[in-house]
Amino acid sequence: MAKHYLQCLTEVMQRQWNDAALTDYGENHEYTFEQLATEMLKLHILFKRLGIKKGDKIALAGRNCANWAVAYLAITAYEGVVVSILQDFTAENIAYLLDHSDSDMLFVGPYVWKELKEQTLPERLKAVISLEDFSTISSKEGISVPTQNELESELKKQYPNGLQADDVNFNADLEALSIINYTSGSTGNPKGVMLNGRSISNNIIEVAFKVLPVEPGQRLVSMLPLAHMFGQVAELLYPLCAGTHVYFLTKSPTPSILLKAMKEVKPYLVVTVPLVIEKIYKKSIDPTISKWAIRTFWHMPLIGNLIRSRVRSALTSAFGGQLRYFICGGAAMNPVVEKCLMDIHFPLSIGYGMTETGPLIGGNPPKYFKRRSCGVPVANMQVKIDNPREDGIGEILVKGANVMLGYYKNEEATKAVFTEDGWMRTGDLGYLDKKQNI
């Protein structure tokens, strides 16, 4: 693979220049692809003025929102390194991770900053920028941060005839470090997973694009934390680089908020954790299919098909009516719920992965998904079972394009997770069936 996902984003921008790209659901804040490119280039000017160089670390800590995505993409296209920190970490832990990661800048949301401003921040931090409007919250003594007006004036000088779609050409080195994703807020032994452009691009181009094909102009609701690799790749990078309009739930995705957004946005894809569908099942499906008459006729020919079809139609309608894929990951699904979804031919697929593989290891399109599995090894990834028992179960080992470079400034943990011949230990138990389903 020789293509970076940023090249896909460039192609989409050139093709869909005036189309909507990012929206904060329920808020009057939206970017077209043109506006996204413009904001990214303005931030590049900001980075340059602050002396940020390729490979420098820039941290992100805030709620899911369009500006989080803009900042992320600007950093990667500048060939900086994103340090993604979950906003739910304590202020003390965030301050520690800013220091541990050697971050030179911080983009921060108001919720995080309210507590973080009371902490002693690293001296090397040149500026703290608000994720609300990209204004400057604070800066290192002696450093002058340009205003938004100054950034806009500089951009006009660079593009006197206005920024055009053909002017955009975002790219980066596939092998260079792209992101440090912290898997723990612990100050004792932080694990900053280092992923390069190849890992993320393989996840997007060779896996997601092929397993879950999408047409430009489709819509998606982003609900998972963008600071986690699952949400970051599945609900931002993959759909956006395919020309999807991404809506961000900026508030906690309760079932009522989530279903309201689904009905209005009408997404082609839902990516979530099993708990979400299990809650919806318990509230909306179980009361119906638990009735004696429904249970009696559930598996009968003709009438059973009709009943299951109506249940599927009602559930699909609850998610907006245009659902093609329903992807779960991050935990095991309740087998009763999984069986019901399979019975009604709901477009379900459960994948397997971890932060250290950016995040995918196994997956399948819904039509090939096997119940109680996590799919087959994805493109350019190998999976084997270490020291299997008689039943075939053993530790899952992986090797391939998605695997991390190691843990940042933690050689001991890095050495412990890799075998001498280069396989990464997942710490998970599992087995491979005859068709290589995990």
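What does the charge add up to near residue 437, with Lys and Arg as +1, Asp and Glu as -1, over the other residues with Cβ less than 13 Å from its Cβ? Walk me through the numbers before you get to the answer.
Details: positive: 370, 371, 372, 434, 435; negative: 433.
Net of charged neighbours comes to +4.
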Could you please put 44, 299 in sequence from largest to smallest accessible area, using a 1.4 Å probe? 299, 44
In terms of modelled amide H atoms, which long-range or inter-chain residues lie less than 5 Å from the amide H of residue 131? 108, 109
Any idea of residue 391's accessible area? Nearest 10 Å², probe 1.4 Å. 80 Å²
Lys and Arg at +1, Asp and Glu at -1: neighbours of residue 296 with Cβ under 15 Å from its Cβ sum to +2
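Enumerate by residue number the trypsin sites (Lys or Arg not before Pro) in segment 6-89 meeting two conditions: DSSP loop (anything except H, G, I, E, B), and at most 15 other Cβ atoms within 10 Å of the site's Cβ.
Values: sites: 15, 42, 48, 49, 53, 54, 57, 63; in loops: 53, 54, 63.
Passing both the DSSP loop test and the Cβ count: 53, 54.
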Estimated FRET transfer efficiency (residue 345, residue 141; beta-carbon r; R0 51 Å; 0.05): 0.20
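Evaluate the charge dipole of segment 330-383 about its Cα centre and quote only its size in Debye, nearest 20, assuming +1 on the Cβ of each Lys and Arg and -1 on the Cβ of each Asp and Glu. Present the calculation step by step, with values, prior to reporting the outcome.
Values: 5 positive and 3 negative charges, 39 e Å.
Using Cβ point charges on Lys, Arg, Asp and Glu, segment 330-383 gives about 180 debye.
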Max mean-square fluctuation residue, GNM over the chain, Cα-Cα springs under 10 Å, options 202, 64, 149: 149
Select from 174, 250, 271 the residue farthest towards the positive end of the dipole of the chain; place +1 on Cβ of Lys and Arg, -1 on Cβ of Asp and Glu, and compute about the Cα centre. 271
Accessible area per residue in Å² at 1.4 Å probe, computed on segment 291-438: 53 Å²
In terms of the charge dipole of segment 57-130, which places +1 on Lys and Arg and -1 on Asp and Glu at the beta carbon, the residue among 103, 113, 125 farthest towards the positive end is 113
Just to verify a number: FRET efficiency for residue 88 and residue 295, C-beta to C-beta distance, R0 = 45 Å, to 0.05? 0.65
Counting only the heavy atoms of the protein chains, how much of residue 266 is accessible to a 1.4 Å probe, in Å² to the nearest 10? 70 Å²
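Lys and Arg at +1, Asp and Glu at -1: add these up for the other residues within a Cβ distance under 11 Å of residue 206 and post the number. Don't skip to the answer; put the middle values down first.
Working: positive: 3, 198, 210; negative: none.
For residues surrounding residue 206, the net value is +3.
Got a number for carbon plus sulfur as a percent of the chain's accessible area, 1.4 Å probe?
On the way: 9740 of 19480 Å².
Carbon-and-sulfur percentage of accessible area, whole number: 50.
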Treating only Lys and Arg (+1) and Asp and Glu (-1) as charged, each at its beta carbon, one finds that segment 244-352 has a dipole about its Cα centre, in Debye to the nearest 20, of 260 debye
Could you pull out every Cys in the chain that lacks a partner Cys with its beta carbon under 4.7 Å away? 65, 328, 340, 374
Within segment 355-438, which GluC sites (Glu not before Pro) sit in a loop by DSSP and count at most 15 neighbouring Cβ atoms inside 10 Å? 390, 420
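Per residue, how much accessible surface does segment 57-98 expose to a 1.4 Å probe? Answer in Å², no decimals.
That works out to 20 Å² for each residue.
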I'm spelling it out carefully: the read-out is mean projected area of the Cα convex hull in nm², the candidates are (1) 21.1; (2) 22.7; (3) 23.8, and one was derived from this structure. Which label? (2)
Check the straight Cα-Cα distances from residue 370 and name the aspartates and glutamates below 18 Å, setting aside those fewer than 8 residues away within the same chain. 338, 343, 433
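Could you list the trypsin sites (Lys or Arg not before Pro) in segment 283-328 that lie in coil according to DSSP, counting only those with at most 12 other Cβ atoms within 10 Å of their Cβ?
Working: sites: 283, 291, 295, 308, 310, 312, 324; in loops: 291, 324.
Answer in residue order: 291.
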The extension gain from residue 382 to residue 370, computed as 0.36 nm times the residue separation minus the Cα-Cα distance, is 2.4 nm
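Treating only the Cβ atoms of Lys and Arg (+1) and Asp and Glu (-1) as charged, compute the dipole magnitude of the chain about its Cα centre; round to the nearest 20 debye. Provide the component values of the computation, followed by the final result.
Working: 46 positive and 46 negative charges, 366 e Å.
Around 1760 debye, computed over the chain.
Per residue, how much accessible area does segment 169-245 have with a 1.4 Å probe, in Å²? Don't jump to the answer; show the numbers that get you there.
Numbers: 2110 Å² over 77 residues.
For segment 169-245, the per-residue accessible area is 27 Å².
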For the chain, set up a GNM with springs between Cα atoms under 10 Å and report which of 264, 141, 39 has the largest fluctuation. 141
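The values are calculated or read from the model by the stated rules, or taken from the named source; none is laboratory data. Everything numeric in this text was worked out from a predicted model, so none of it was measured. Glycine gets a Cβ as well: all are built from the backbone with ideal geometry, and neighbour counts include every protein chain shown. Keep in mind that these areas ignore ligands, DNA and RNA; they rest on the heavy atoms of the full protein, side chains included. Shrake-Rupley method; radii C 1.70, N 1.55, O 1.52, S 1.80 Å.
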